[in-house]
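Below: one structure, written as structure tokens.
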Amino acid sequence: MWDWSLEPTASLYHTANALEPLHVQFDYLKNTVSVINDYYKSFSNYTVMAQVYDINSRKVFEKSAKINLPSDGVINDVFPICFPEDISQIHFIKLRLTDERGREVSSNFYWRSNDKYEGSKTLTGPAASGFEDLSKLKQAKVKLTYKVREDNNNYFVDITLRNTSGQIAFFNQLQFLNSKMSPIRPSFYTDNFFSLTPGEKKTVTIETAKKKLGEGVILVLKGWNI
């Protein structure tokens, strides 16, 4: 999850998302949406929503459902996702779980191909192959603003990102760099390696020890198609 230089990799954020106590997820084999609750209390009147986008970032499916989550339990197969027969070879799934007040408590983002699953001993299937067309993603535009705060020992950058384009901004990475364009290590990001659907807004905080900072600090956003 971190490389030898203390740079966090995408695996860290994938694992943190997968292990969140309230978690909405997609099943690649059954094409269904499920919700997991690891808290020892129940939650009522929550909403699950799924959206599907094609390679041109056009929304081709959307569905939502109200659920009541049991304590320390799972609601399997809340509903199926129905992919159009003419959907592009690569497409994207955005899942959201909101509470009774409409506040988002979990989200997930997937990329899926039309490749058929041929068994566990192969490298085929919608999660493992057929992603060459990602190179055809049109350019997206992400607006970034930030505020800085600090305490006695640490420096914080609170970042707000918004996808202002009509295209999915795919697999974005924030980096906190020094004047030599090298990552300031260790820095702790609340999230990274994320994708943004058209119009989506996201906040990320970066924390670094003051003793690690020098002159000319730089904030960089990199992505597949930005």
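Tell me, which residue of the range 154-184 that is part of a strand (DSSP E or B) and of a type in the set (S, T, N, Q) is farthest from residue 144 (Cα to Cα)?
My answer is 154.
Going through the range 53-86 one residue at a time, which ones are out of contact with any Lys or Arg (no Cβ under 9 Å at 6 or more places or on another chain), open to solvent by 20 Å² or more (accessible area, probe 1.4 Å), farther than 23 Å from residue 100 by Cα and not basic (Lys, Arg)?
60, 61, 84, 85, 86
Does residue 44 satisfy being among the hydroxyl-bearing types (Ser, Thr, Tyr), open to solvent by 30 Å² or more (accessible area, probe 1.4 Å) and more than 30 Å from residue 184 (Cβ to Cβ)?
Details: among the hydroxyl-bearing types (Ser, Thr, Tyr): yes; open to solvent by 30 Å² or more (accessible area, probe 1.4 Å): yes; more than 30 Å from residue 184 (Cβ to Cβ): yes.
Answer is yes for this residue.
Does the range 162-174 contain at least one residue that is of a type outside the set (D, E, K, R), surrounded by 15 or more Cβ atoms within 10 Å (Cβ to Cβ), touching a residue at least 12 places away in the same chain (Cβ under 8 Å) and farther than 23 Å from residue 110 by Cα?
No, that holds for no residue.
Return the pairs, sorted by first residue and then second, in which the second residue is at pLDDT 95 or above and loosely packed, with under 13 Cβ neighbours inside 10 Å, the first residue lies in the range 200-226 and is under 17 Å from residue 145 (Cα atoms) and among the hydrophobic types (A, V, I, L, M, F, W, C), the beta carbons are less than 9 Å apart, and the residues are 6+ apart or on different chains.
226/139
Which of the residues spanning the range 87-101 are in a strand (DSSP E or B) and either surrounded by fewer than 16 Cβ atoms within 10 Å (Cβ to Cβ) or not aliphatic (A, V, I, L, M) (or both)?
Pass one, the range 87-101, residues in a strand (DSSP E or B): 90-98.
Passing the criteria: 91, 92, 94, 96, 98.
Hey, among the residues in the range 175-226 that are among the aromatic types (Phe, Trp, Tyr) and closer than 14 Å to residue 154 by Cβ, which one's least open to solvent (accessible area, probe 1.4 Å)?
Residues of the range 175-226 that are among the aromatic types (Phe, Trp, Tyr), as a first pass: 176, 188-189, 193-194, 224.
Next cut, closer than 14 Å to residue 154 by Cβ only: 176, 188-189.
Values: 176: 7, 188: 110, 189: 24 Å².
Checked the range 175-226; the qualifying residue least open to solvent (accessible area, probe 1.4 Å) is 176.
The values are calculated or read from the model by the stated rules, or taken from the named source; none is laboratory data. Because the structure is predicted, anything quoted here is derived from the model rather than measured. Please note: Cβ atoms are built from the backbone with ideal geometry, for glycine as well, and neighbour counts cover all protein chains shown. For the accessible areas, the whole protein counts, side chains as well, though only heavy atoms, and no ligand, DNA or RNA atoms are used. Shrake-Rupley method; radii C 1.70, N 1.55, O 1.52, S 1.80 Å.
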